[in-house]
Amino acid sequence: MMNINKNPTISVILPVFNSDQYIELSIKSILHQSFNDFELIIINDGSSDNSFEILSSYAKIDPRIYLIHQDNKGLIYTLNKAIEIANGRYIARMDADDLALPKRLESQLKFLEENKLHLCGSSVQLIGAGIGSWHYPHSHEGCEAELLFGVPFAHPSVIGRSEVFKELRYSAEWSLVEDYDLWQRAWVVGFRMGNVPEVLLRYRVHRKQTSALYRRQQAQNSQRIRSRHWQQLLSAKLGISPTEAQEAEKDPWKTFHLLQELKQCYKGTEAEKILQHAFLRLCSHRLHSWVLDRTG
């Protein structure tokens, strides 16, 4: 069913694949948001369980839902298709097994506009097999520094200006780390990012483990993006050439000294605190990547 409002403030994009156990709660958590000027684009990616029947029943009763059924194409294709048809000024991610707290959209929209950001996530509470919560940098500078180590957002918590997603899209080259690649490329072209400090999403952790093959691919792709950001951040902040930055990656002593210089660029900011233990974090990632390369 098509959304009645052709120009909603927010397009929530929700890919679904065999999620009949959780999808109702996920949909309800969006439909019951305090901010209601949105369309909910749901793409059923060839589910073989009862997901489509559940989705169809909700599409019949709420005109904000735009439901599409397709053969299984995978997450990246599905996300990009949803981005292509999104009509909102903002695009918000949602996963089929997570729960948005009632003021998620309202709080993030306010945070985006007040801080003149292009992308915004939030803290998340772990549910399912997970316990506790995850917190991410609040400021753009903090996210910029965090990109040296990994993602600055919980992916399903992100909302951003539609031009970010429509200009950049998710890349099929970076399967399993498509979000990390997107956020890093967004930083390169100057989009600003941050996170609402409060928990606005309940993030489901599953006991099912990714296969060893996928873990290896994920780790190797992540390290490629870390290396890319290392080189580009040093160039932007310290005027270091890509070749020099690349050489420093092989030399712990050079890495240590460049990180000390980098910290000075962020004096008194959240990023300075994030970089406090940067040397150990970077060396740990690089060592892991080195081991994977030699045990393939």
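The values are calculated or read from the model by the stated rules, or taken from the named source; none is laboratory data. On a predicted model such as this, the values are computed, not experimentally measured, just so you know. Note: ideal-geometry Cβ built from the backbone for every residue, glycine included; neighbour counts use all protein chains shown. Remember, those area values only see protein heavy atoms, side chains included, never the ligands or the DNA or RNA. Shrake-Rupley method; radii C 1.70, N 1.55, O 1.52, S 1.80 Å.
Taking the C-alpha atoms of the range 159-234, how large are the radius of gyration and the largest Cα-Cα span, Dmax, in Å?
14.5, 38
Using R₀ = 30 Å, calculate the FRET efficiency as 1/(1 + (r/R₀)^6) where r is the Cβ-Cβ separation of residue 103 and residue 68; round to 0.05.
Efficiency, rounded to the nearest 0.05: 0.60.
Might you report the magnitude of the Cβ-based charge dipole of the chain about its Cα centre, with Lys and Arg at +1 and Asp and Glu at -1, to the nearest 20 debye?
The calculation lands at about 400 debye.
Would you kindly derive the ³J(HN,Hα) couplings of the range 252-264 from the backbone phi angles with the Karplus curve 6.51 cos²θ - 1.76 cosθ + 1.60 (θ = phi - 60°), listing them in order in whole Hz, with x for Gly and Pro?
So the Karplus estimates, Gly and Pro as x, are x, 5, 5, 4, 4, 5, 5, 5, 5, 5, 4, 4, 5 Hz.
Report in % the part of the accessible area of the range 160-296 that belongs to carbon and sulfur, leaving out ligands and nucleic acids; probe 1.4 Å.
The nonpolar share, carbon plus sulfur, comes to 52 percent.
At 0.36 nm per residue, and after removing the present C-alpha to C-alpha distance, how many nm does the segment from residue 216 to residue 265 gain when stretched out fully?
Taking residue 216 through residue 265 to full extension adds about 14.2 nm, to one decimal.
How tilted is helix 51-61 with respect to the longest principal axis of the chain? Cα atoms for both, answer in degrees (0 to 90, nearest 10).
That helix lies at roughly 60 degrees to the long axis.
Tell me, in nm to one decimal, what length is gained between residue 207 and residue 84 on full extension, where the rule is 0.36 nm per residue of separation less the Cα-Cα distance?
Full extension from residue 207 to residue 84 adds 41.0 nm.
Can you bin the range 75-190 into rounded, prolate or oblate? Criterion: square roots of the alpha carbon gyration tensor eigenvalues sorted a ≥ b ≥ c, rounded for a/c under 1.5, prolate for a/b above b/c, oblate for the rest.
rounded
What nm distance separates the two modelled labels at residue 116 and residue 18, each placed 7 Å from Cα along Cα→Cβ?
Output for this residue pair reads 4.8 nm.
With every protein chain left in place, what is the accessible area per residue of the range 251-295 in square angstrom, probe 1.4 Å?
Spelled out: the 1.4 Å probe surface of the range 251-295, per residue, equals 66 Å².
Below 8 Å between Cα atoms, with a sequence gap of 6+, how large is the relative contact order for the chain in percent?
Contact order relative to length: 18 percent.
By its C-alpha gyration tensor, with a ≥ b ≥ c as the square roots of the eigenvalues, how is the range 14-143 shaped: rounded for a/c under 1.5, else prolate for a/b larger than b/c, else oblate?
Prolate is the answer for the range 14-143, as a/c is 1.5 or above and a/b outweighs b/c.
If you average the C-alpha positions of the range 269-296 and of the range 160-177 separately, how far apart do those two centres end up, in angstrom?
That distance is 25 Å.
Among DSSP beta bridges lying fully in the chain, give the percent that are antiparallel, nearest 5.
Beta bridges within the chain, antiparallel portion: roughly 25 percent.
Can you give the calculated 222 nm mean residue ellipticity of the chain, where each DSSP H run of n ≥ 4 adds -39,500 (n - 2.57) and the sum is split over every residue, rounded to the nearest 500 deg cm²/dmol?
Rounded to the nearest 500, the figure is -14500 deg cm²/dmol.
Taking the range 59-163, how many lysine pairs are there with alpha carbons less than 28 Å apart, if each pair must be eight or more places apart or span two chains?
Number of lysine pairs found: 8.
Which ³J(HN,Hα) values in Hz, rounded to whole numbers, follow from the phi angles of the range 143-158 under the Karplus curve 6.51 cos²θ - 1.76 cosθ + 1.60, where θ = phi - 60° and Gly and Pro get x?
Once rounded to whole Hz, the list reads 5, 4, 6, 5, 4, 5, 10, x, 6, x, 9, 7, 3, x, 8, 7.
Mind listing the long-range amide H neighbours of residue 201? Cut-off is under 5 Å, sequence gap 5 or more, other chains count too, H placed in the peptide plane at 1.01 Å from N.
Under 5 Å from the amide H of residue 201: 101, 125.
Using amide H atoms built in the peptide plane, which far-off residues or other-chain residues are under 5 Å from residue 133 H to H?
126
Skipping prolines and chain starts, which residues have an amide H placed within reach, meaning under 5 Å, of the one on residue 158, given they are 5 or more residues away or on another chain?
93
Could you state the accessible area per residue of the range 81-206 in Å², with a 1.4 Å probe and every protein chain left in place?
Heavy-atom accessible area per residue stands at 36 Å².
Which option, (i) 0.96; (ii) 0.99; (iii) 0.93, is the value of Rg/Rh (Cα atoms, Kirkwood Rh) that was calculated from these coordinates?
Comparing each candidate, only (ii) matches the computed number.
Between residue 224 and residue 126, what is 0.36 nm times their sequence separation minus the Cα-Cα distance? Round to one decimal in nm.
Full-extension gain reported as 32.5 nm.
Please calculate how many Å² of accessible area the range 1-77 carries per residue, with a 1.4 Å probe and no DNA, RNA or ligand atoms counted.
Ligands and nucleic acids excluded, the result is 47 Å² per residue.
May I ask you to evaluate 6.51 cos²θ - 1.76 cosθ + 1.60, the Karplus curve with θ = phi - 60°, for each residue of the range 105-117 and list the ³J(HN,Hα) values in order in whole Hz, giving x for glycine and proline?
5, 4, 5, 5, 4, 5, 5, 4, 6, 5, 9, 6, 9
I need the shape label for the range 185-296. Rule: rounded when a/c is under 1.5, else prolate if a/b > b/c, else oblate, with a, b, c from the alpha carbon gyration tensor.
It comes out oblate by the Cα gyration axes.
Within straight cross-link reach of residue 254, meaning Cα distance under 29 Å, which lysines are found once same-chain residues fewer than 8 apart are removed?
By straight Cα distance, residue 254 reaches 237, 263, 267, 273.
Return the FRET efficiency for the residue pair residue 238, residue 175: r is the Cβ-Cβ distance, R0 is 45 Å, and the value is rounded to the nearest 0.05.
0.90
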